[in-house]
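The values are calculated or read from the model by the stated rules, or taken from the named source; none is laboratory data. Everything quoted here is computed from the prediction, not taken from an experiment. Glycine also receives a Cβ, built like all others from the backbone with ideal geometry; neighbour counts cover every protein chain displayed. All accessible areas refer to the heavy atoms of the entire protein, side chains included, with ligands and DNA or RNA removed. Shrake-Rupley method; radii C 1.70, N 1.55, O 1.52, S 1.80 Å.
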Amino acid sequence: MNYRHAFHAGNFADVVKHALLCRLIEYLKHKDKPFRVMDTHAGRGRYDLAADEALRTGEHEAGIAALRASAVWEDALLAPYRSAVEAAETAFGPTAYPGSPWIARHLLRRQDRLSAYELHPVDAKALAAEFAGDVQVKTIALDGWLALGAHLPPKERRGLVLIDPPFEEAGEFERIAARVGEAWRRWPGGTYAIWYPIKRQAQHEAFHEALAEGGMRNVVAADFFREPFSADERLVGTGFAVVNPPFTFAAEAEAVMRALLPVLGVPDRANCGIVALVGE
């Protein structure tokens with residue numbers, strides 16, 4: 001599965017992922033101490049939903065466009081996400097959509113920092129240009145998997161690592177489970193958020209099992225099914241696994257996904273849930 005983000009920006013999976021990401025960042029802001037967000041596969045940082053890539057798929061129509069046209073857009077739990085989306089539109093026009101590093105940067109306080117990694121040369125160049133001159137953001141043209149080994153723990157000793165790979169290579173699910181486990185052993189106090197596509201039931205269950213058996217503690221998965229599994233193995237859902245989640249996360253994630261079901265899901269076929277993979 002090729003998930004280069006420009007083709008899928010603002011789709012239903014993006015909306016769920018970004019809404020949940022915002023809840024994690026907002027929790028980190030409860031303490032005055034600074035934190036760092038590390039985005040291992042950051043992409044371009046910001047997208048144009050009127051660009052050729054987005055128009056070729058049109059996926060944002062059933063994602064952010066549908067949400068913005070619904071009453072759910074005003075839900076209180078979506079306030080940080082709504083703020084980021086509307087800020088991007090105000091700054092860059094109505095077809096702008098913020099990627100995860102742009103959203104993270106929008107939510108940071110003055111004492112917080114963002115490290116954004118991207119290996120693809122075109123996207124890495126765009127990412128660097130997006131945050132040029134911003135002293136709170138460091139963009140690095142580096143394989144995000146290497147960052148998990150070389151740059152943990154951050155000097156702040158508080159923070160969040162977002163892992164959102166493109167799923168272009170075979171074995172990506174296995175690689176995630178193994179490398180997140182290694183990163184957790186290097187920095188067990190960090191929070192790790194892992195986005196993953198849901199296409200095949202066996203693959204989905206195997207990934208949950210790999211995370212559960214990876215030696216980590218306190219792991220939950222928020223799974224949003226736009227529709228049930230299908231024989232043609234299309235993208236039917238989006239998952240967001242979190243290691244060391246805030247104690248508020250499970251309830252907030254459940255509430256966010258339940259609110260989004262009637263907007264982003266196939267009527268009478270969508271579902272969602274929180275799975276506790278490993279206890280504390």
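What residue, among those in region 29-71 that are part of a strand (DSSP E or B) and open to solvent by 40 Å² or more (accessible area, probe 1.4 Å), is nearest to A150 (Cα to Cα)?
Out of the qualifying residues, it is R46.
With the checklist (1) modelled with pLDDT under 95; (2) within 23 Å of I25 (Cβ to Cβ); (3) not basic (K, R) in hand, flag the one item A178 doesn't pass.
(2)
Which one of I176, I103 is β-branched (V, I, T), more than 22 Å from Y47 (Cα to Cα) and not in a loop (DSSP other than H, G, I, E, B)?
I176
Kindly provide the set of residues from region 1-23 that are open to solvent by 10 Å² or more (accessible area, probe 1.4 Å), more than 17 Å from E61 (Cα to Cα) and of a type outside the set (K, R), ordered by number.
Of everything in region 1-23, those that are open to solvent by 10 Å² or more (accessible area, probe 1.4 Å), more than 17 Å from E61 (Cα to Cα) and of a type outside the set (K, R) turn out to be M1, N2, Y3.
Kindly indicate whether any position in region 138-149 is aliphatic (A, V, I, L, M), over 26 Å from G181 (Cα atoms) and assigned to a strand (DSSP E or B). Steps first, please.
Kept after step one, since they are aliphatic (A, V, I, L, M), are these residues of region 138-149: 140-142, 146-148.
If we keep only those that are over 26 Å from G181 (Cα atoms) too, we end up with none.
Within region 138-149 (the criterion being aliphatic (A, V, I, L, M), over 26 Å from G181 (Cα atoms) and assigned to a strand (DSSP E or B)), the answer is no, since none of the residues qualifies.
Taking E26 and the conditions (1) open to solvent by less than 10 Å² (accessible area, probe 1.4 Å); (2) within 25 Å of T191 (Cβ to Cβ); (3) outside any loop (DSSP other than H, G, I, E, B), which numbered condition does it fall short on, given that it satisfies the others?
(1)
Could you list, in sequence order, the residues of region 149-194 that are over 29 Å from Q136 (Cβ atoms) and either in contact with a strand residue (DSSP E or B) (Cβ under 7 Å, 6 or more places away or on another chain) or of a type outside the set (D, E, K, R) (or both)? Walk me through how you get there before you give the answer.
Here is the first cut: in region 149-194, the ones over 29 Å from Q136 (Cβ atoms) are 167-175, 177-178, 181.
Result: F167, A170, G171, F173, A177, A178, G181.
Contact list please: Cβ distance under 7 Å, first residue in region 161-190 and farther than 14 Å from G144 by Cα, second residue among the basic types (K, R), pairs at least six apart or on different chains.
Once the first residue is farther than 14 Å from G144 by Cα and sits in region 161-190, its partners that are among the basic types (K, R) give G189/R157.
Identify, please: which residue in region 214-229 is touching a Lys or Arg at 6+ places or on another chain (Cβ under 9 Å) and outside any strand (DSSP E or B) and is, among those, surrounded by the most Cβ atoms within 10 Å (Cβ to Cβ)?
Selected residue: R226.
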